[in-house]
2 protein chains.
Amino acid sequence: MDKIPILRFGHFLLVTIQVDLYDRLALNLESDLIQMVSKTQARGVLIDISALSIVDSFMGRIIGNIAGMSKIMDAQTVVVGMQPAVAITLIELGLELKGVYTALNVEKGMSLLQSKISLPDEDLDNIE
Amino acid sequence: MDKIPILRFGHFLLVTIQVDLYDRLALNLESDLIQMVSKTQARGVLIDISALSIVDSFMGRIIGNIAGMSKIMDAQTVVVGMQPAVAITLIELGLELKGVYTALNVEKGMSLLQSKISLPDEDLDNIE
């Protein structure tokens, strides 16, 4: 697999990371995601990491990069589904995921994004 | 990885398959999904296979199983994001994915599910 699928939900994009990111995969994800943000004019990016039982410093940096790039493109990033052990590891590694919002699950993440970008609720259904 | 994450969106569950399913992973997915359908009273299951460039007969059978099980639990299954090459292979293999709805992408799949289970649009936002 050399691509992680990016799913579109109205104004938001969803990425589910299920495998360890190696260099090329991470770079592909970054560029695909930014292109999707631009193409779909997405206002938010949800990154689901519920499948990951470990997040190393590389992965942490990639998530930070994505958040930074998205922000420049006027989209907010929310990391959802983080396992408790991952949160512990991140803090122990000194990675605070600055500039990245977090939420317990996708639904809470979407609510958070909606409040951040102040869209009315029904805009979630604006499916083209 | 021994689990594929299942994400909840209101009345629907979303599964993104990014890796080849081997026996245990497939069995885990089946049982996790059915338990989630029961626990969340989901009315629909979306299976995104946009990351797969090949679907073999085993994968086809698993998707069929999931659709069958979900149906008994009163949930419809929609496979979304199928690559053209996969559609060609499936038909050449004689796998017609009977009882499984398909849609081009997640948004179209959600619309399809909504029409199938005749929920009003705004119910997508019923986030608990």
To check you understand DSSP bridge types, tell me what percent of the beta bridges within chain B (both residues inside) are antiparallel, rounded to 5. 25
Where does the Debye-calculated log10 I(q)/I(0) of chain A sit at q = 0.13, 0.15 Å⁻¹, using only Cα point scatterers of equal weight, no solvent? -0.48, -0.64
Where in segment A:19-37 is the amide nitrogen less than 11 Å from a point lying 7 Å along the Cα-to-Cβ axis of A:ASP56? A:20-23
If you wrap a convex hull around the alpha carbons of segment B:23-80, what volume per residue comes out, as a whole number of Å³? 73
Classify segment A:78-117 as rounded, prolate or oblate, taking a ≥ b ≥ c as the square roots of the eigenvalues of its Cα gyration tensor: rounded when a/c is under 1.5, otherwise prolate if a/b is larger than b/c and oblate if not. oblate
Karplus 3J(HN,Hα) series, Hz, for segment B:13-19 with 6.51 cos²θ - 1.76 cosθ + 1.60 (x for Gly, Pro): 10, 10, 10, 10, 8, 10, 10
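Calculate, in nm to one decimal, what B:LYS39 and B:ASP23 gain on full extension: separation in residues at 0.36 nm each, minus their alpha carbon distance.
Result for the pair: 3.3 nm of gain on full extension.
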A correct Karplus calculation of ³J(HN,Hα) over segment B:45-50, with 6.51 cos²θ - 1.76 cosθ + 1.60, θ = phi - 60°, whole Hz and x for Gly and Pro, returns 10, 9, 10, 8, 10, 5
Give me the angle, in degrees from 0 to 90, between the Cα long axis of helix A:106-117 and the longest principal axis of the Cα atoms of chain A, rounded to the nearest 10. 60
Chymotrypsin sites (Phe, Trp or Tyr not before Pro) restricted to DSSP loop in segment A:17-115 with at most 11 other C-beta within 10 Å: A:TYR22
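What is the diffusion coefficient of the protein assembly as shown in µm²/s, taking the Kirkwood radius over Cα pairs and the Stokes-Einstein relation at 10 °C with a viscosity of 1.306 mPa s?
Answer from the Stokes-Einstein relation: 85 µm²/s.
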In segment A:6-125, with Lys and Arg counted as +1 and Asp and Glu as -1 at Cβ, which of these residues, A:ILE63, A:MET73, A:PRO84, has the Cα nearest the positive end of the dipole, that is, farthest along it? A:MET73
With +1 at each Lys and Arg Cβ and -1 at each Asp and Glu Cβ, the charge dipole magnitude of chain A around its Cα centre, to the nearest 20 debye, comes out at 240
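Which FRET efficiency value, to the nearest 0.05, do you get for B:LYS3 and A:SER115 by plugging their Cβ-Cβ distance into 1/(1 + (r/R0)^6) with R0 = 25 Å?
Numbers: r = 30 Å, r/R0 = 1.21.
For R0 = 25 Å, the calculated efficiency reads 0.25.
The numbers here are math on the coordinates, done by the rules we state, and not lab data. This structure is a prediction, so every number in the text was calculated from the model and none was measured. Neighbour counts run over all protein chains shown; Cβ positions are idealised from the backbone, glycine included.
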